Each structure stands twice: as C-alpha cells, then as structure tokens.
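Single-structure report; data block below.
The values are calculated or read from the model by the stated rules, or taken from the named source; none is laboratory data. Worth saying up front: this structure is predicted, and the values here are computed from it rather than measured. Here Cβ is always computed from backbone atoms with ideal geometry, including for glycine, and neighbour counts include all displayed protein chains. Heads up: the accessible areas ignore ligands, DNA and RNA and are worked out on the full protein's heavy atoms, side chains in. Shrake-Rupley method; radii C 1.70, N 1.55, O 1.52, S 1.80 Å.
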Amino acid sequence: MLKRFAAALLLAAAALPGMAADLPNHPFIHVSATADQYIMPDVGEIDFDIVSLEPDADAAWKLVNERLEASRALFAENGIAPEDVLVQDIARRPRKVEVLPEGQPLPMETRVTLHVTVRKLDGWTPIMRALLVMKDLESLAVSFNRSDREKVEADLLQQAIGMARLKAKDIAGGIGARLGAATGVSIGSLKNLSNAMGMASDSNARGGGGGRRGARTEMALVQAIRLAQSVDVIYRIGGK
C-alpha cells in the first residue's frame with residue numbers, strides 16, 4: 001500500500017508540469033513533525049483598563065488615580081518592581097454606546113491602560129483575586145510564558161527534526177528505498193510544496209505559550225503552557 005501511495009505521488013508530480021517550479025527536481029520524501037511539551041510558566045503578564053464614567057473630568061481623573069494607586073500598592077506588596085508596571089494609555093474620550101437617547105450627548109469615559117509583568121508567580125493568585133473584585137476595571141486579561149523559552153524551543157526543534165528523520169526512514173523502508181540526504185527544511189510548513197501536492201500542514205510552526213486567557217474563573221490559577229516546534233523536511237530518495 002505504501003509503495004502504491006509513493007508511486008502515485010511521483011506520477012502526480014510528473015503529470016503536473018505546471019508545478020515544476022514548486023517541486024524538487026529529484027525523487028523525494030516530504031515529512032512533517034511536531035515536538036511539544038507542557039511546562040509550568042515562570043513569568044505572567046496582566047493587562048487591564050481602569051475606567052471612570054464620571055461626567056465631570058476632575059472627578060473622573062480622581063477616581064482613576066485612586067484605582068491606579070491602589071493597584072500599584074497591590075503589586076508592590078507582592079514583590080512586583082515599579083518598572084514592571086507600565087501605564088500605556090491615558091485618555092478621556094466619548095464612550096461608544098449601542099443606543100443613545102435622542103438629545104443626549106455621548107457619555108464620556110476616562111481610561112488608563114496598564115501592562116504588568118509578574119516575574120515571581122508565588123504571588124499570582126492573591127494579585128488576581130484582588131484585581132477580580134476591584135471596581136472600575138475592564139478588559140482584564142492574562143498570559144503566561146517562560147523566561148527560558150528560547151532554550152526550550154531549541155530543544156523541541158531538535159526533537160522535531162529527529163522525529164521527521166525517523167518518519168522519513170520508515171517511509172523509505174516501506175517502499176523499499178534508501179533514505180538520502182535532507183535537501184530542504186523549514187520551521188513550519190513548506191507552503192509552496194504542500195500546496196503544489198494538495199497537502200495541508202499545521203500552520204503553527206511555533207505553538208503555545210503567551211496566549212491570552214480571558215475566562216475570569218481561570219485567571220487566578222497558574223496553568224501549564226504548551227510549547228511546540230514543527231518542521232517540514234524534504235529528503236532525497238536514494239543517492240548519497
């Protein structure tokens with residue numbers, strides 16, 4: 001069965017000369033592989049807005065500043081350095097509403113956006129529990145990552161390349177051929193090749209981690225993240 005499949009692929013390639021620019025000019029095996037790992041994070045990030053709907057500008061800024069100082073005190077109590085608390089946007093502007101009563105002006109909102117990096121996750125749960133009940137907060141979202149992500153992903157990449165070679169050797173053995181040298185490799189899918197052969201590959205070469213979590217019931221928990229690396233490899237059939 002495997003021999004017939006390989007032969008069909010070679011015949012299909014020969015029958016479609018218009019694809020020649022996208023296909024290798026030698027007999028080949030094309031394989032994909034993904035290595036992944038679930039790992040506990042050691043860095044967390046928090047994004048949220050402090051919002052006041054007070055129509056009076058002075059009262060609005062007073063409320064926003066009170067919430068800002070309260071949040072900064074909370075972060076300081078849990079060991080977060082001041083430089084890891086970034087105030088990104090400060091604005092007073094009309095607030096979008098679905099239905100505005102006739103003759104009424106657009107309500108105003110005063111908004112401050114914060115981005116917080118938590119480098120020690122021991123205090124994550126008390127921080128998040130406090131933020132979840134703090135008034136006048138909107139757009140609360142969190143994400144997790146690893147400080148050694150590059151090293152973890154480098155190891156996963158090597159694992160994926162090894163998995164791809166083993167898969168290619170199995171295919172070559174199944175059709176009674178010898179596996180040759182790798183003639184092409186890509187982190188993620190070789191799109192031109194995959195499209196030319198009518199195949200679909202995983203579009204996420206680098207997966208997991210850093211994804212925002214928006215479910216409020218889960219935000220107070222430190223959760224494992226998935227890191228992944230995918231490769232597409234082309235091997236010559238036979239030869240040196």
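Accessible area, 1.4 Å probe, largest first: how do Phe28, Phe75 sort? Let's see the in-between values first.
Details: Phe28 35, Phe75 0 Å².
The residues order as Phe28, Phe75, largest area first.
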Q. Taking the highest mean first, how do the peptides 118-130, 176-188 order by number of other beta carbon atoms within 10 angstrom per residue?
A. 118-130, 176-188
(Q) Show me the ranking of peptides 230-236, 169-175, 108-114 by mean Cβ neighbours inside 10 Å, starting with the highest. (A) 230-236, 108-114, 169-175
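Probe radius 1.4 Å, ligands and nucleic acids ignored: give me the carbon and sulfur share of the accessible area of segment 21-147 as a rounded percent. Present the calculation step by step, with values, prior to reporting the outcome.
Numbers: 3650 of 7200 Å².
Accessible surface attributable to carbon and sulfur in segment 21-147 totals 51 percent.
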Q: Give the long-range amide H neighbours of Leu179: residues separated by 5 or more places, or on another chain, with amide H under 5 Å away, using H modelled in the peptide plane at 1.01 Å from N.
A: Gly238
**Q.** Phi to ³J(HN,Hα) by Karplus 6.51 cos²θ - 1.76 cosθ + 1.60 over segment 117-129, Hz, x for Gly, Pro
**A.** 9, 10, 8, 10, 7, 4, x, 4, 4, x, 4, 5, 4
Q.
Amide H of Val43 versus every other amide H placed in the peptide plane: which residues, excluding those fewer than 5 positions away on the same chain, fall under 5 Å?
A. Asn145, Ser147
